[in-house]
Amino acid sequence: MIKIKSIIIICLLFGMNSLFAQNTISIAGMPNDPLPIFSYGDEMVYSDEFLRVFNKNNKEGHEPTKEEIEEYLELYTKFKLKVAEAYDRKMDTIPKFIKELAGYRKQLAQPYLTDKSVTERLIKEAYDRSLMEVNASHLLIACSKDASATDTAIAYNKILGLRSRVVDNNEKFSMLAEQFSDDPSAKTNKGSLGYFTAFQMIYPFENAAFNTEIGSVSMPIRTQFGYHLVYVRDKRKSMGDVKVAHIMMKFYNEGEVDSVKMKMDAVYAKLQAGEEWNKLVEEFSDDFNTNSKGGELNWFNRTTSNMPSEFKDVAYDLKSEGDYSKPIRTKYGWHILKKTGSRELPTFDESKALLKRKVERDSRSEINKEVVIERIKKENKYTEVKGLDAVKGKLKPSLVQGIVERPQITGDVLFTIDNRKYTDESFYDFLDNTVGKTVKTFDQIVVEYYKHFVRDANLEYEEEILEKKYPEFKYIMQEYKDGILLFELTDQEVWSKAVSDSAGLETFYANNIANYKWDERADAIIYSCKNAKTAKKAMKLAKKGVATADIVNKCNQKDALAITSENKKFEKGSNSLLDKIEWKKGVYSLGDENDRTKFVQINEILPPMEKPLDNNLGQATSDYQNYLEQIWIDSLKKKFPLEIYHNNVKKLYN
């Protein structure tokens, strides 16, 4: 995921203020050749670049004004000057920068290495499946991804035979799963997986479950675990999420079940008699993670895996918020459930962004990758030359042990991409970084490694030429490059410098102390009382000079919230209630606000005075940063002389 730093970079580039939220503009009657807008040093910025960045994020419907164009022009010239300084310092050659930019490029390239139509189809398929829940069982015959052809055939024939016993001989699936499945849990659950929905199983398994009719057994499907049969028991509509609170009493063996049930029945009787839920939770619930918050659990649905099915069934049977169940038993103990909320399934539009991220991380993304590879092979003129035959006979059987015994390099061209040659040497280099031990046959892995090599070569070449193929990718990469440089250099020259340079900050503050003054202030205590009667009593005590703490304690003897107080120095204009009274020492009624009666005791009126730096550090540091930046910009303008072509700028808004 792109880091927070990248957000700051984008803000520096395009979010410096609201100027980018404007309508897209162009220059009516402008000549075919872009117009120069400004130059700095030996560099020139033309109208096409300026308009492109100005229009980057337009959202409003009005034409930009002269002031908006010129204000952004000032920002963009400063940006260009800073970036020019970064390049002049060769900050773009620092290994840390190169590595960071490569990381951003990898992320930004991903949308260009996927097929949009395939992604859209997979997202829609996932959403449609999320509206359903499938109850299925499975039977697994283990077979590793690297199994030899012989072992693979044995596993396949075995599971095919088991399917025949169910389909043709009407044998019970559960009995066969318990007896023959290589999934250890089948010994107890007889292969039952309960209800599940999209993304809760690996994609091939999910496909089989959703595409097989109720009461039917799928054909064998292959996953990384081996071959599966999927028996679909039921399908039902999803019902959204539910939230409940519960009171739980644990039992630790069968001998305690009945005695704990008696205690829970007693709690249930108290509920029916009208006792408060939260009080009973706090007093009796053994779920210490929730008893301080009324027993409330997180949102869950009928396919949530870590929740007992009987618990979920009862939760969904509760009709309205506030309804509670009779005591129910799970493997964790006895429970009483109270419904606290429910929410419907999100719409497709609400789900789309999340589903897209899930699709990209899921094994189904491989479908997308295969489509992309076939497309880019055609676009980039992939041509097989001597191919696999040129290297197949030269590799040694030690390859199955993960050992590459390099044959003599002949320079044979295996294939080309856009006339770039990929030789036997590049294939051997690939093997050096890829091979590992396997139980597959030598012939199998040579073919697989070669296919893998071809695939990687095509993807890497496509990623390499993205700037040439897609102008928008070229622009955004340049923006990120400049943005990272801008971030690092501004941090050095302004942000970190202002924070670390305490002596410079103190000098700046002293030289500008006139800008850091308090207006007239009242050293006062504002009392907030529950009613006028309490306020009258407290005001009488305040006028007698009774201390604030004593007033509060005396008035709060029967009600801890009868009166509260706030003691601080209030600046003129900072409190609307104080602004309504005359600022003199004394006790004054402030009237009612938010169902409370208020009065104030003014102890002293303080004249305008200078603020100490410690009391104004945030504002002073921000101002010092602006000061440092302005000095820096002035020095950059001398180093890279700036010239603005005002007649051409006028054409941007005339």
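Just so you know, all these numbers are worked out from the coordinates, no wet-lab data involved. Here the structure is a predicted model, which means the values were calculated and not measured. Quick reminder, even Gly has a Cβ in these numbers, built from the backbone with ideal geometry, and neighbours come from all protein chains shown.
I need the shape label for the chain. Rule: rounded when a/c is under 1.5, else prolate if a/b > b/c, else oblate, with a, b, c from the alpha carbon gyration tensor.
Details: a/c = 2.72, a/b = 1.16, b/c = 2.34.
Oblate shape, in that a/c is at least 1.5 and b/c is the bigger or equal ratio.
Just tell me, in residue order, which DSSP H segments of the chain are both 18 angstrom or longer along the helix axis (alpha-carbon based) and at least -1.0 in mean Kyte-Doolittle hydropathy. Kindly include the intermediate steps, with their values, before the conclusion.
Details: long enough: 66-88 (33 Å, -0.79); 95-109 (21 Å, -0.53); 116-130 (21 Å, -1.11); 149-167 (27 Å, 0.35); 257-272 (22 Å, -0.03); 348-361 (19 Å, -1.11); 365-379 (21 Å, -0.84); 442-464 (33 Å, -0.81); 471-490 (28 Å, -0.14); 617-639 (33 Å, -0.88).
In the chain, the long hydrophobic H runs are 66-88, 95-109, 149-167, 257-272, 365-379, 442-464, 471-490, 617-639.
The gain in end-to-end length when the T507 to D614 segment is fully stretched comes to 37.1 nm, 0.36 nm per residue minus the alpha carbon separation.
For region 241-343, the Cβ-based charge dipole about the Cα centre amounts to some 260 debye (Lys, Arg positive; Asp, Glu negative; other atoms uncharged). Rounded to the nearest angstrom and listed largest first, the equivalent-ellipsoid semi-axes of region 241-343 from its Cα gyration tensor are 20, 17, 12. In the structure shown, the pairs K517/K638; K96/K145; K145/K369 are assessed against 27 Å; a Cα-Cα span above that value is assigned to K517/K638; K96/K145. The distance between label points at A102 and M175 comes to 6.1 nm (points 7 Å beyond Cα on the Cα→Cβ vector).
Can you compute the FRET efficiency between S576 and F348 using 1/(1 + (r/R0)^6), with r the Cβ-Cβ distance and R0 = 45 Å? Round to the nearest 0.05. Don't skip to the end; give the middle numbers.
Details: r = 48 Å, r/R0 = 1.06.
With a Förster radius of 45 Å, E is 0.40.
A Cβ-based charge dipole, computed about the Cα centre of the chain with Lys and Arg at +1 and Asp and Glu at -1, lands at about 1680 debye.
Among the GluC sites (Glu not before Pro) in region 482-575, those placed in a DSSP loop whose Cβ has at most 15 other Cβ atoms within 10 Å are E520. Classify region 444-549 as rounded, prolate or oblate from the Cα gyration tensor: take a ≥ b ≥ c as the square roots of its eigenvalues, call it rounded if a/c is under 1.5, otherwise prolate when a/b beats b/c and oblate if not. Note, shape of region 444-549 comes out prolate.
What number results when the radius of gyration of region 381-464, computed over Cα atoms, is divided by 2.2 N^0.38 Å?
On the way: Rg = 12.5 Å, N = 84, 2.2 N^0.38 = 11.8 Å.
My calculation over the Cα atoms of region 381-464 gives 1.06.
Computed FRET efficiency, Cβ-Cβ of I633 and K356, R0 41 Å: what is it to the nearest 0.05? Numbers along the way, then the final one.
Working: r = 42 Å, r/R0 = 1.02.
For I633 and K356, the calculated efficiency is 0.50.
Are there any chymotrypsin sites (Phe, Trp or Tyr not before Pro) in region 120-179 that are in a DSSP loop and have at most 14 other Cβ atoms within 10 Å? List them by number. List each step's numbers first, then the result.
On the way: sites: Y127, Y156, F173; in loops: none.
Answer in residue order: no site qualifies.
Note on N567 and D317: their simple-model spin labels are 6.0 nm apart, each label 7 Å out from Cα toward Cβ. Label separation (E275 vs D92): 7.4 nm, computed from points 7 Å beyond Cα along the C-beta direction. When shorter helices are ignored and each DSSP H run of at least 4 residues is given -39500 (n - 2.57), the per-residue value for the chain at 222 nm works out to -14000 deg cm²/dmol.
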